[in-house]
Amino acid sequence: MPELLMEIEEEDVVPDRRALITGASGLLGRAVYKEFKDSNWHVLGCGYSRARPRFERLNLLDPTAVRSLIQDFKPHVIIHCAAERRPDIVENQPESASMLNVGASENLAKEAAKIGAFMIYISSDYVFDGRDPPYSEDSIPNPLNTYGKTKLEGERAVLRNNEGAAVLRVPVLYGAVEKIEESAVTIMFDKVQFSNKSANMEHLQQRFPTYVKDVAVVCLQLVEKKLQDPSLRGIFHWSGNEQMTKYEIACAMADAFNLPSSHLRPITDEPVGATLRPMNPRLNCSKLEMMGIGQRTPFRVGIRESLWPFLVDKRWRQTVFH
């Protein structure tokens, strides 16, 4: 019986629907990989430092290796999730970040164009300065930091070298993390949990935490739409619609897990010496919504799914489930 099941599963994978996911070992990449796999695509995920054993190890800065992999696998779709996405790291290492965020993206776009693959480049709300939200796809970008600049340059390089490609701008992401510092959202959980110590939380810049599962669904829906309408291309926005500061995110986490939040202190001073970040880079997502594309998981639901394994006091299980 198990052998029969295996045969059926293999038959369900349609070999003429091949998807290549870069950064498949990362937070978003894992979700995108799973979404395509669950939809019976033949998926190849590649990563670098965390690739093996699950994914193909690929150095995106090696054009020969990239060309070889793409020529061998011949994907119909490339979802480019790999990036250096930590603004403070990019600020301190601009050259290496630019090589990945711009150079590798440009090369991928060229290789995708050669074989006629549809490429989706994952970009960021940080291409905007956050002074005049909400931002539509044709709003004028004005990044405040080097990370935003590299993502904008990456967008332009992709669209210049692959006219059928798409850019998907998303805000700060969270999801099923391998360690809590993997996301700028989930990293706050320790401060929330350890209520014996007061914690200062920034309460100024507006954020729109977005669940990676939702972004993965949007990627798949965009691809399915492209298969129906080959003229689909250009820039798209997707975002969660709950607006929160870091302080409000921390309070929402506490609420989701029935934890105290009185030790969390809202700080409304401008952060000193930190990398500049936009005040409110809210994305207008109506373009995708009007196409019938999109999914939004309530933050409270998504954050519970994501952080349950990191909950120190498991007595919460009894209060919620019994």
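Here are the numbers for the structure shown:
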item: Among (1) open to solvent by 70 Å² or more (accessible area, probe 1.4 Å); (2) in contact (Cβ under 8 Å) with a residue 60 or more places away in the chain; (3) among the acidic types (Asp, Glu) - the single one Asp255 does not satisfy; result: (2)
item: Yes/no for Ala51 being modelled with pLDDT of 90 or more and either small (Gly, Ala, Ser) or surrounded by fewer than 22 Cβ atoms within 10 Å (Cβ to Cβ) (or both); result: no
item: Residue list for segment 215-228, filter: basic (Lys, Arg) and open to solvent by less than 50 Å² (accessible area, probe 1.4 Å); result: Lys226
item: Complete set of residues in segment 56-83 that are farther than 22 Å from Asp16 by Cβ and not charged (D, E, K, R); result: Leu58, Asn59, Leu60, Leu61, Pro63, Thr64, Ala65, Val66, Cys81, Ala82, Ala83
item: Residue identified as in contact with a Leu (Cβ under 7 Å, 6 or more places away or on another chain), open to solvent by less than 10 Å² (accessible area, probe 1.4 Å) and under 25 Å from Val272 (Cβ atoms) among Val212, Val185, Val167, Val192; result: Val192
item: Residue list for segment 24-50, restricted to those being within 14 Å of Val217 (Cα to Cα), in contact with a Leu (Cβ under 8 Å, 6 or more places away or on another chain) and outside any helix (DSSP H, G or I); result: Ser39
item: Of the criteria (1) of a type in the set (S, T, N, Q); (2) open to solvent by less than 30 Å² (accessible area, probe 1.4 Å); (3) under 18 Å from the mean Cα position of the chain (by Cα), which one Gln205 fails; result: (3)
item: Residue list for segment 65-80, filter: in a loop (DSSP other than H, G, I, E, B) and either open to solvent by 20 Å² or more (accessible area, probe 1.4 Å) or among the polar types (S, T, N, Q) (or both); result: Lys74, His76
item: When residues of segment 282-305 are limited to those that are touching a residue at least 12 places away in the same chain (Cβ under 8 Å) and charged (D, E, K, R), the one nearest to Ala252 (Cα to Cα); result: Arg300
item: Wholly enclosed helices (runs of 4 or more DSSP H) of segment 216-322 bearing at least 2 residues farther than 24 Å from Ser139 by Cβ and out of contact with any Leu (no Cβ under 6 Å at 6 or more places or on another chain); result: 246-256, 299-307, 316-321
item: Residues within segment 12-41 that are more than 19 Å from Leu173 (Cα to Cα) and either polar (S, T, N, Q) or at pLDDT below 95 (or both), tallied; result: 8
item: Test result for Ala274, within 26 Å of Pro134 (Cα to Cα), in contact (Cβ under 8 Å) with a residue 40 or more places away in the chain and not β-branched (Val, Ile, Thr); result: yes
item: In segment 238-285, the residues that are over 18 Å from the mean Cα position of the chain (by Cα) and hydroxyl-bearing (Ser, Thr, Tyr); result: Thr245, Tyr247, Ser261, Ser262, Thr268, Thr275
item: Residues of segment 85-112 that turn out to be buried (at least 20 other Cβ atoms within 10 Å of the Cβ) and of a type in the set (Lys, Arg), as a count; result: 1
item: Test for Asp125: is it charged (D, E, K, R), open to solvent by less than 10 Å² (accessible area, probe 1.4 Å), modelled with pLDDT of 95 or more and closer than 27 Å to Met290 by Cβ; result: yes
item: Given (1) surrounded by 14 or more Cβ atoms within 10 Å (Cβ to Cβ); (2) closer than 21 Å to Val127 by Cβ; (3) touching a residue at least 40 places away in the same chain (Cβ under 8 Å), index of the condition Gln243 fails; result: (3)
item: Elements of type helices (runs of 4 or more DSSP H) in segment 81-178, at least 3 residues being over 26 Å from Lys225 (Cα atoms); result: 87-92, 94-98, 146-161
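The values are calculated or read from the model by the stated rules, or taken from the named source; none is laboratory data. Since this is a predicted model, take the numbers as computed values, not measurements. Cβ: placed from backbone, ideal geometry, glycine included. Neighbour counts: every protein chain shown. Heads up: the accessible areas ignore ligands, DNA and RNA and are worked out on the full protein's heavy atoms, side chains in. Shrake-Rupley method; radii C 1.70, N 1.55, O 1.52, S 1.80 Å.
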